[in-house]
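Inspection log for the structure reproduced underneath, given as structure tokens.
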Amino acid sequence: MDIIQIAGLGLTATMLIVVIKGKSPQIAFLLTVLVGVFIFIFLLDKIQLVISLLERLSVQAGVEMIFLQTILKIIGIAYIAEFAAQVAKDTGEGSIASKIELAGKILILVLALPIVQRVVETVLNLLPN
Amino acid sequence: MMTFLSDWLRGLILVIFLAVILDMILPNNAMQRYAKLVMGLLIILLMLSPILKLSGKSIYQMDFTLDSLLTGGQHKANLPTLEQINAQGEQLRQQNQGLTAEAWKAGITQNVKQIVEAQKPGLTVDRVEVTYTPNEQGQPQTLDALAVTVKTRLEAGSVQAVPDVAPVVIGKSTDSADSPSTLAQADRRHAETAAAIRTQIAAEYKLTASQIRVVWRDS
């Protein structure tokens with residue numbers, strides 16, 4: 001039933017925004033941001049469920065948390081950067097949106113740095129000196 | 001061998017499964033390529049983990065934080081643990097206490113020696129035993145007793161003159177108790193000197209005379 005709530009909220013907000021936009025575009029923009037945040041909060045519960053399931057699985061499989069942590073960090077960075085970039089795009093600030101996306105990409109790559117280092121070390125260990 | 005293989009496979013399958021889920025839930029934008037790159041690296045690392053195992057490292061004990069990368073790959077395993085540092089500190093503290101007590105004893109010995117030699121130039125101090133009460137840190141707190149061993153000073157290189165042979169008197173001896181009386185006299189002299197030394201040292205260290213013992217040693 002959650003999807004009906006979310007869809008209803010979204011459609012109501014859309015209609016309101018269409019009505020308001022002509023008179024005061026600022027309020028319309030604030031409404032957009034507000035609805036976006038609300039939908040995000042709705043989803044937090046479900047995200048929590050998915051994360052706990054993944055954690056349980058990894059514990060059962062005997063895999064330590066390093067991989068899971070890295071993966072979850074990637075998801076988090078991707079979603080937050082995406083959300084902020086969309087909001088910025090909605091207001092017509094395309095350049096700020098692209099900067100936020102750039103920051104997200106760089107942060108994901110920074111997460112990868114230690115992994116790259118390990119891979120390179122291991123491959124170099126394979127080669128004869 | 002089988003357990004290692006099954007562990008390895010289990011880890012690999014789980015990470016690939018996670019990668020697929022991640023792929024599904026990622027937002028559709030440029031971010032996806034980067035996330036895929038990181039996942040690919042992780043899977044490569046996990047596939048290489050048997051080789052890492054050969055060089056004695058487990059992939060699960062590795063430090064994947066950025067800080068360890070920035071500090072030049074100094075892994076936590078090389079740093080001493082807190083217990084080791086504490087044990088070292090304790091050891092150093094005990095050594096330090098021992099050294100302090102030794103220095104304190106040496107100072108007292110030197111002082112006693114000076115007192116005795118200034119008072120009785122013919123004597124020298126052989127050794128001084130110091131008894132003290134330590135406080136809770138093991139440092140000397142109060143001086144309990146002193147045992148001073150003294151002996152007659154011998155000048156370096158001096159040869160004791162052989163005493164002249166006493167004239168032999170044949171006949172009835174006038175002082176038959178010759179040697180015992182000389183011995184008793186020597187004892188009395190020793191006792192007097194010892195008492196003098198005791199008084200002097202007791203005054204110096206604010207002890208009672210009974211806490212100080214003077215022992216004669218034959219030179």
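Looking across the stretch B:139-162, the residues that are in a loop (DSSP other than H, G, I, E, B) and modelled with pLDDT of 70 or more come down to B:Q139, B:R153, B:V162.
Only a single criterion out of (1) modelled with pLDDT of 85 or more; (2) more than 30 Å from B:K206 (Cα to Cα); (3) surrounded by 14 or more Cβ atoms within 10 Å (Cβ to Cβ) is not satisfied by B:Q91, namely (3). How many of the residues in the stretch B:1-57 are within 30 Å of A:P128 (Cβ to Cβ), more than 8 Å from every other protein chain (Cβ to nearest Cβ) and charged (D, E, K, R)? So the answer is 2.
Of all the residues that make up the stretch A:65-89, how many are of a type in the set (G, A, S) and under 16 Å from A:L113 (Cα atoms)? Outline the logic, then answer.
Filtering the stretch A:65-89 for residues of a type in the set (G, A, S) gives A:76, A:78, A:81, A:84-85, A:88.
Cutting the leftovers down to under 16 Å from A:L113 (Cα atoms) gives us none.
Residues that pass the stated criteria total 0.
Residues are listed down the side, and each one gets a yes or a no for (1) away from chain B (no Cβ under 11 Å); (2) charged (D, E, K, R); (3) surrounded by 14 or more Cβ atoms within 10 Å (Cβ to Cβ):
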position: A:T32; (1), (2), (3): yes, no, yes
position: A:G36; (1), (2), (3): yes, no, yes
position: A:F67; (1), (2), (3): no, no, yes
position: A:I96; (1), (2), (3): yes, no, yes
position: A:K105; (1), (2), (3): no, yes, yes
position: A:V119; (1), (2), (3): no, no, yes
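If you go through the stretch A:38-60, how many residues are of a type in the set (G, A, S) and surrounded by 14 or more Cβ atoms within 10 Å (Cβ to Cβ)? Before the answer, list the steps.
Step one: filter the stretch A:38-60 for residues of a type in the set (G, A, S), giving A:52, A:58.
Checking the rest, the ones that are also surrounded by 14 or more Cβ atoms within 10 Å (Cβ to Cβ) come to A:58.
Summing the residues that are of a type in the set (G, A, S) and surrounded by 14 or more Cβ atoms within 10 Å (Cβ to Cβ) in the stretch A:38-60 gives 1.
Please determine whether any residue of the stretch A:69-83 is more than 11 Å from B:M31 (Cβ to Cβ), free of Cβ contacts under 8 Å to residues at least 40 places away in the same chain, in contact with a Gly (Cβ under 9 Å, 6 or more places away or on another chain) and outside any loop (DSSP other than H, G, I, E, B). No, that holds for no residue. Counting the residues of the stretch B:13-48 that are touching a Leu at 6+ places or on another chain (Cβ under 7 Å), under 15 Å from A:V50 (Cα atoms) and small (G, A, S) gives 0.
Check the stretch A:80-88 and report whether any residue there is at the interface with chain B (Cβ under 7 Å from one of its Cβ atoms) and under 30 Å from B:T3 (Cβ atoms). No, the stretch A:80-88 has no match at all. Comparison of A:L30, A:L57, A:L53 shows that the only residue that is assigned to a helix (DSSP H, G or I), outside the structural domain of A:A103 (by TED's automatic domain parsing) and farther than 18 Å from B:V20 by Cα is A:L30.
The values are calculated or read from the model by the stated rules, or taken from the named source; none is laboratory data. All values derive from a computational prediction rather than experimental measurement. Don't worry about glycine lacking a Cβ; one is built from the backbone with ideal geometry, like all the others, and counts go over all protein chains shown.
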